[in-house]
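Engineer: Take this structure first; my questions come after.
FYI, it's all coordinate maths here, none of it is from the lab. These numbers come from a predicted model, not from an experiment. As a convention, Cβ positions derive from the backbone with ideal geometry for all residues, glycine included, and neighbour counts pool all protein chains shown.
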Amino acid sequence: MSTKDKAQLINDYLLSKEEVIAYKHYESLLKDHPEIKEMEDELKTMQKELTRRKVRDEEISDLYEEYLMKKKAFEEHPLIVNYLSLKEEVNALLLNVEDLINNELS
């Protein structure tokens, strides 16, 4: 069996796994979710402002507290919670596949 055939088998295996299918589903949901996108953009803007203020030695505590509250709300959004959980599962699966490949090569 060629290397390309083996790679295709691994790819097919990964794409058929329930956690990968669910992860891809949540990824597309998040991509098209206006509330999530707005929250993410706002957090990025706040991060830039915090960095700007910090560089200029300006007070950041009020903005930082607001940022932490909004970040917490973002991270506790059900879609984000599920997405991050599935992301961890997929990463663990990929690490297992990597270990199998490395063991086969050694």
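Engineer: So Glu58 fits all but one of (1) farther than 30 Å from Lys4 by Cβ; (2) assigned to a helix (DSSP H, G or I); (3) of a type outside the set (Val, Ile, Thr); what number is the exception?
Structural biologist: Going through (1) farther than 30 Å from Lys4 by Cβ; (2) assigned to a helix (DSSP H, G or I); (3) of a type outside the set (Val, Ile, Thr) one by one, Glu58 breaks only (2).
Engineer: Restricting attention to the stretch 36-56, report how many residues are out of contact with any Asp or Glu (no Cβ under 9 Å at 6 or more places or on another chain) and either farther than 16 Å from Lys72 by Cα or free of Cβ contacts under 8 Å to residues at least 12 places away in the same chain (or both).
Structural biologist: So the first thing to find is which residues in the stretch 36-56 are out of contact with any Asp or Glu (no Cβ under 9 Å at 6 or more places or on another chain), and the list is 36-45, 47-51, 54-56.
If we keep only those that are either farther than 16 Å from Lys72 by Cα or free of Cβ contacts under 8 Å to residues at least 12 places away in the same chain (or both) as well, we get 37-38, 41, 44-45, 48-51, 54-56.
Counting residues in the stretch 36-56 that are out of contact with any Asp or Glu (no Cβ under 9 Å at 6 or more places or on another chain) and either farther than 16 Å from Lys72 by Cα or free of Cβ contacts under 8 Å to residues at least 12 places away in the same chain (or both) gives 12.
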